[in-house]
1. Loop sites only, by DSSP: take the GluC sites (Glu not before Pro) in the chain that have at most 15 other C-beta atoms within 10 Å and name the longest stretch containing none of them.
2. Among 32, 63, what's the order by accessible area (1.4 angstrom probe), most exposed first?
3. Rounded, prolate or oblate: which one fits the chain, using the alpha carbon gyration tensor with axes a ≥ b ≥ c (rounded when a/c is under 1.5, else prolate when a/b beats b/c, else oblate)?
4. Taking a probe of 1.4 angstrom, what is the accessible area of residue 52 in Å², to the nearest 10?
5. Using R₀ = 30 Å, calculate the FRET efficiency as 1/(1 + (r/R₀)^6) where r is the Cβ-Cβ separation of residue 10 and residue 35; round to 0.05.
6. What part of the accessible area of the chain, given as a whole %, is carbon or sulfur when the probe is 1.4 angstrom?
7. Mean residue ellipticity at 222 nm from the helices of the chain, using -39,500 (n - 2.57) per DSSP H segment of n ≥ 4 over the full residue count, to the nearest 500 deg cm²/dmol?
8. Largest first, how would 39, 33, 64 line up by accessible area (1.4 Å probe)?
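The values are calculated or read from the model by the stated rules, or taken from the named source; none is laboratory data. Nothing here was measured: the structure is a model prediction, and the numbers come from that model. A quick note on method: Cβ atoms are made from the backbone with ideal geometry, for glycine too, and the neighbour counts reach across all protein chains shown. In case anyone asks, the SASA skips ligands and DNA or RNA and just uses the protein heavy atoms, side chains included. Shrake-Rupley method; radii C 1.70, N 1.55, O 1.52, S 1.80 Å.
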Amino acid sequence: MDDAVIVEIIRYTLQSAGMTVEVAGTGALALKRLEEGLRPDVVILDLGLPEMTGDRVHPLLRKRLPDLPIIISSGYGDRERLDPLLRDPRTA
């Protein structure tokens with residue numbers, strides 16, 4: 001996610017519920033962390049990521065971890081970008 005305030009609210013909320021949270025501010029960093037062995041239980045993916053948009057990151061995440069649940073969270077309402085991602089049964 002590219003909005004620091006929203007990231008911190010989500011981080012705080014999830015950590016308050018006892019979850020471990022890792023934040024990657026770019027798609028490239030998220031993919032690098034996967035290559036380094038990070039295995040998240042779920043990913044919250046923003047479509048408006050800098051450098052590499054979320055709709056470009058999604059298939060790369062899916063290729064590396066086919067069963068990974070992915071939650072799309074975005075201020076964009078662009079159905080052309082969202083609809084193909086939401087056809088994936090492991091994406092909401």
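1. Answer - 52-92.
2. Putting 32, 63 in descending order of accessible area: 63, 32.
3. Rounded, because the longest to shortest axis ratio a/c is under 1.5.
4. The value for residue 52 is about 30 Å².
5. The computed FRET efficiency comes out at 0.80.
6. Ligands and nucleic acids excluded, carbon and sulfur give 55 percent.
7. Result for the chain: -13000 deg cm²/dmol, rounded to the nearest 500.
8. 39, 64, 33
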